[in-house]
Amino acid sequence: MRLKDVYRRLLKAFGPQHWWPGESPIEVVVGAVLVQNTSWTNVEKAIRRLREAELLEPRTLVEMPVEELEEYVRSAGYFRIKAGRLRNMMQFIVEQFDGSLDKMFRTPLAELRQMLLGVSGVGPETADSILLYAGQLPVFVVDAYTHRIFCRHGWIEPEADYHRLQEYCESQLPQDVQLYNEFHALLVRLGKDYCRKTRPRCAECPLRDLLPEGGPAGCEGLGS
């Protein structure tokens, strides 16, 4: 099984996903922080409120009272925690890069990734989403959907962690930002609509003939 073939099959089945939604890199960064443990619909509401109030700028978000920021991101859930994480991220951009996303994304990729992972509240998936979708840098984003799909098809071991899964994907694919972007979005679509945690629709799945003999393998991990 080659991941490039899986990608082509999913693209044929679903078409381009046009992900990540966001009108600017700063919106993508904000969205990557707020989308943890909630739906994108809830995040969109928060981003729209911040955009309409003309607050989507690192220094502005850092300087505003935290109670006010909490109200703006309330729709994203866990709003006090997420307001704190968002401030941490914006503080990082202001202190390390003078508030400039352009300057931030000119930092060598491996160095910037480690810096992002040092920001309180930013884990591997959030950091990589920022790098790929806001920075247009070649990092493959994996998530619980990716783990579930790959594990059920027997492509990775159930105990594979985030970095093992990411390494597996990047070793099989060319370093291509657009490919990484589209493939991740297609896997999310497959995970939501077919390879669901409970009651998966295996018989209708575009990858059904790639399942191991005897049906999908059981797996746990990455919140799957």
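None of the figures in this text is laboratory data; all of them are computed from the coordinates on show. No experiment lies behind these values; they were computed from the predicted model shown. So basically every Cβ, Gly included, is an ideal-geometry build from the backbone, and we count neighbours across all protein chains shown.
Using Cα pairs closer than 8 Å and at least 6 residues apart in sequence, work out the relative contact order for the stretch 1-117, in percent.
Averaging sequence separation for qualifying contacts and normalising by length gives 21 percent for the stretch 1-117.
For the stretch 1-99, which trypsin sites (Lys or Arg not before Pro) pass both filters: DSSP loop (anything but H, G, I, E, B) and at most 14 other C-beta atoms within 10 Å?
On the way: sites: ARG2, LYS4, ARG8, ARG9, LYS12, LYS45, ARG48, ARG49, ARG51, ARG59, ARG74, ARG80, LYS82, ARG85, ARG87; in loops: ARG2.
When the trypsin sites (Lys or Arg not before Pro) of the stretch 1-99 are filtered for loop state and at most 14 Cβ neighbours within 10 Å, ARG2 remain.
Mind checking which of LEU86, LEU112, LEU137 has the largest fluctuation in a GNM of the chain, springs on alpha carbons under 10 Å?
Fluctuation is largest for LEU112.
Dividing the alpha-carbon radius of gyration of the chain by 2.2 N^0.38 Å (N being the number of residues), what value is obtained?
1.06
Between ARG48 and ARG2, what is the FRET efficiency for a Förster distance of 35 Å, r being their Cβ-Cβ separation, to the nearest 0.05?
For ARG48 and ARG2, the calculated efficiency is 0.30.
7 Å from Cα along Cα→Cβ at both GLN91 and SER171: what's the point-to-point distance in nm?
Reported label-point gap for GLN91 and SER171 is 3.9 nm.
Hey, got the Cα dimensions of the stretch 80-211 along the principal axes, in Å, largest first?
52, 37, 24
Mind checking the log10 I(q)/I(0) for the stretch 147-220 at q = 0.11, 0.26 Å⁻¹? Debye, one equal scatterer per Cα, no solvent, two decimals.
The calculated log intensity ratios at q = 0.11, 0.26 Å⁻¹ are -0.28, -1.34.
Where Rh denotes the Kirkwood radius from the mean inverse Cα pair distance, what is Rg over Rh for the stretch 25-134?
Radius of gyration over Kirkwood radius for the stretch 25-134 works out to 0.93.
For the chain, what's the relative contact order in percent, using C-alpha pairs closer than 8 Å and at least 6 residues apart?
The normalised contact order for the chain reaches 23 percent.
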